[in-house]
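Engineer: This is the structure, below, for whatever I ask next.
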Amino acid sequence: MELIKLLLIDAWFAWIPAVGFAMVFNVPKKMLVYCAIGGAFAHSFRYLLMYWGVHIEWATLAASSSMGFLGLYWSRKRLIPRPVFTVASVIPMIPGSFAFTTVIGIVELNAGGYNIALAQMVIENGLRTLFILGALSFGLALPSILIYRGRPIV
Amino acid sequence: MSLTYEAQSELTRIAVKAGQILLQHGAESRLVEQTTQRIGIALGAQSIELSVSSDAIVITSLLDGHCVTTTRRCYDRGINMHMVCEVQRICVMLEKQLLDAHQVKERLNRLVPFKYNRWLVVLMIGLSCGSFSHFFGGDLPVYITTFFASAAAMILRQELAHRQHNPFVNFALAAFLATSIASIGVIHQFGEDPKIAMAACVLLLVPGFPFINAVSDMLKGHISTGIARWVFATLLTISVSIGIVGSMAVTGVWGWII
């Protein structure tokens, strides 16, 4: 029961950025509801997996690939290219904070000279950014890599 | 059926127009390639060969041993999924023979990018960054600080983009503004951990779409386009970080360094 409540709160806070960024990308109005559902689903699914102790990279891969397949279904149904829903839906999972911490660390390494704590911050955050980002995009591309293999989806 | 040279040139122009619209509005290379080829073939070409790079497309249509080649420069016009949807819809309608070449051309020329009301976008982006502050464990005062910082940054970003400023300058200034506003919260100790607001309020500037497009281009075989997009997204990230560091140096609130 406690877990369901946590998941619902997570899903509630995840649909807002999905729709917000979908509006920055000018997704058509009728598709915003898909972005909201996708964003809430993907982020809360990743939250669930991480709650069960899965590492963030693998949880992201699972969430984004299930989002990729869900996007495939919607895209066949509505005849709309897949990135329209899928990218906005995974935006809440983008490792933006890790990416900025990495670059800020690099700037500080230059300004203040080398020190172990800063170098550790740069390397750990940088690697995490790369792997999460790779997992996200690979998961979204999975349906067209595995099933469609060069044929158009819509 | 055999087309005249003029008709072949015309179909090439229509196909390249579709490809140009897609590439300018942030579609991935695979989608640009497939849609352009489908439109060209549906209009009667035997095959369409095209080369997509990050800022131009070159297209050749083949018909009865004749080639027509044309190039279009594609300036970035911002991500607009509405345009991508419309071009895709025209492509599907053309393939089902609901449109002829003339109507396709007319429709492609008539497309106007759809934009949401800017104040609505500002409101939603403020709430979005507020949600990110919740994910980082912030409480209500932090949420409010984040909302105002990111909404102000979004207004600045829209204004600068409207005046066609360089995106790197735009992102650095927006990051500077957001971090400065959030650091007011740190100075006056709004909430349990006000430094969360500094981390959350700049997340509206993460180049998520270019990064995802970059990796999916590379995965689907368009390595050079993918690298170009990756470098662009990395430069945007760096300019945001420079803006954050600049603001932290001015205000003296070093929220990002542990």
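The values are calculated or read from the model by the stated rules, or taken from the named source; none is laboratory data. It should be emphasised that the depicted structure is a prediction, and the values quoted were computed from it without experimental measurement. Please note: Cβ atoms are built from the backbone with ideal geometry, for glycine as well, and neighbour counts cover all protein chains shown. Heads up: the accessible areas ignore ligands, DNA and RNA and are worked out on the full protein's heavy atoms, side chains in. Shrake-Rupley method; radii C 1.70, N 1.55, O 1.52, S 1.80 Å.
Engineer: Express in nm, to one decimal, how much length is gained between B:Glu6 and B:Arg77 on full extension, taking 0.36 nm for each residue of separation and deducting their alpha carbon distance.
Structural biologist: Full extension of this stretch gives 22.5 nm more.
Engineer: Modelled label-to-label distance, B:Asp55 and A:Tyr51, 7 Å Cα→beta-carbon offset: nm?
Structural biologist: 4.8
Engineer: If you count, for each residue, the other Cβ atoms within 10 Å and average over each peptide, how do A:135-142, B:186-193, B:134-141, B:215-222 line up from highest to lowest? Numbers along the way, then the final one.
Structural biologist: Details: A:135-142: 23.8, B:186-193: 15.4, B:134-141: 17.1, B:215-222: 21.4.
Put in order of decreasing packing, that is A:135-142, B:215-222, B:134-141, B:186-193.
Engineer: A further question on this structure: Per residue, what accessible area does the protein assembly as shown have, given a 1.4 Å probe and all protein chains present, in Å²?
Structural biologist: Values: 18200 Å² over 412 residues.
I get 44 Å² per residue for the protein assembly as shown.
Engineer: Could you tell me the relative contact order of chain B? Use alpha-carbon pairs under 8 Å, at least six residues apart, and round to a whole percent.
Structural biologist: Numbers: 391 pairs, mean separation 43.3, N = 258.
Once normalised by length, the contact order is 17 percent.
Engineer: Total accessible area buried between chains B and A, 1.4 Å probe, in Å² to the nearest 100? Show your work: numbers first, answer last.
Structural biologist: Working: alone 13710 and 9160 Å², together 18200 Å².
Roughly 4700 Å².
Engineer: Given an 8 Å cut-off on Cα distances and at least 6 residues of separation, report the relative contact order of region A:4-154 as a percent.
Structural biologist: On the way: 188 pairs, mean separation 42.8, N = 151.
Over region A:4-154, the number comes to 28 percent.
Engineer: What's the carbon and sulfur percent of region A:2-148's accessible surface, probe 1.4 angstrom, rounded to a whole number? Provide the component values of the computation, followed by the final result.
Structural biologist: Numbers: 4410 of 6190 Å².
Percent of accessible area from carbon and sulfur atoms in region A:2-148: 71.
Engineer: Considering the dipole of region A:2-148 built from charges on the beta carbon (Lys and Arg +1, Asp and Glu -1) around the Cα centre, which of A:Asn110, A:Ile147, A:Trp15 is farthest to its positive end?
Structural biologist: A:Ile147
Engineer: Relative contact order of region B:118-251, please, whole-number percent, based on alpha carbon pairs below 8 angstrom and at least 6 residues apart.
Structural biologist: Values: 187 pairs, mean separation 39.6, N = 134.
Relative contact order here is 30 percent.
Engineer: Inside 10 Å of the C-beta atoms of B:236-246, what's the mean count of C-beta atoms belonging to other chains? Provide the component values of the computation, followed by the final result.
Structural biologist: Details: counts 0, 6, 7, 1, 5, 10, 3, 1, 5, 6, 1.
Across the residues of B:236-246, the mean count of other-chain Cβ atoms within 10 Å is 4.
Engineer: May I pose another question? Can you pull the percent of chain B's accessible area that's carbon plus sulfur, 1.4 Å probe, other chains left in place? Please list the in-between numbers first.
Structural biologist: Details: 6890 of 11390 Å².
That share works out to 60 percent.
Engineer: Ignore the peptide's own chain and count Cβ atoms of other chains within 10 Å of each Cβ in A:74-85; give me the average, rounded.
Structural biologist: Details: counts 0, 1, 0, 0, 1, 6, 6, 13, 2, 11, 6, 1.
Mean partner-chain Cβ count within 10 Å for A:74-85: 4.
Engineer: Taking only Cα atoms and a 10 Å spring cutoff, compute GNM fluctuations for chain B and point out the largest among B:Arg73, B:Arg229, B:Arg163.
Structural biologist: Taking springs between Cα atoms under 10 Å, the residue moving most is B:Arg163.
Engineer: If you place +1 on the Cβ of every Lys and Arg and -1 on the Cβ of every Asp and Glu, how big does the dipole about the Cα centre of the protein assembly as shown come out, in debye to the nearest 20?
Structural biologist: On the way: 30 positive and 22 negative charges, 209 e Å.
Result for the protein assembly as shown is approximately 1000 debye, rounded to the nearest 20.
Engineer: Something else now. Treating only the Cα positions of the protein assembly as shown as identical point scatterers, give the base-10 log of I(q)/I(0) from the Debye formula at each q in 0.07, 0.10, 0.15 Å⁻¹.
Structural biologist: -0.35, -0.68, -1.38
Engineer: Still on this structure, I have one more. Among B:Ser9, B:Leu235, A:Tyr73, whose Cα lies farthest out toward the positive end of the dipole of the protein assembly as shown, if unit charges sit on the beta carbon of Lys, Arg (+1) and Asp, Glu (-1)?
Structural biologist: Of the listed residues, the answer is B:Ser9.
Engineer: Charges only on Cβ, +1 for Lys and Arg, -1 for Asp and Glu: so what's the dipole of chain B about the Cα centre, in debye to the nearest 20? Before the final figure, lay out the partial values.
Structural biologist: Working: 19 positive and 17 negative charges, 71 e Å.
About 340 debye.
Engineer: Now for a separate question. Run the dipole for chain A about the Cα centre, Lys and Arg Cβ at +1, Asp and Glu Cβ at -1, nothing else charged, and hand back the magnitude in debye, nearest 20.
Structural biologist: On the way: 11 positive and 5 negative charges, 193 e Å.
Dipole magnitude for chain A comes out near 920 debye.
Engineer: Averaged over peptide B:153-164, how many Cβ atoms belonging to another chain are found within 10 Å of each residue's Cβ? Working shown, then result.
Structural biologist: On the way: counts 0, 2, 0, 0, 1, 1, 0, 0, 0, 0, 0, 0.
Average neighbour count from other chains, rounded to a whole number: 0.
Engineer: Determine how large the accessible area of A:Lys5 is when every protein chain is in place; take a 1.4 Å probe and give Å² rounded to the nearest 10.
Structural biologist: Surface accessible to solvent at A:Lys5 totals approximately 120 Å².
Engineer: Any chance you could check region B:107-124 for residues losing 20 Å² or more of accessible area when the partner protein chains are in, compared with the chain on its own (1.4 Å probe)?
Structural biologist: B:Phe114, B:Tyr116, B:Val121, B:Met124
Engineer: Additional query: Check cross-link reach from B:Lys105 to the lysines: straight Cα distance under 21 Å, and skip same-chain residues fewer than eight apart.
Structural biologist: Filter leaves B:Lys17, B:Lys96.
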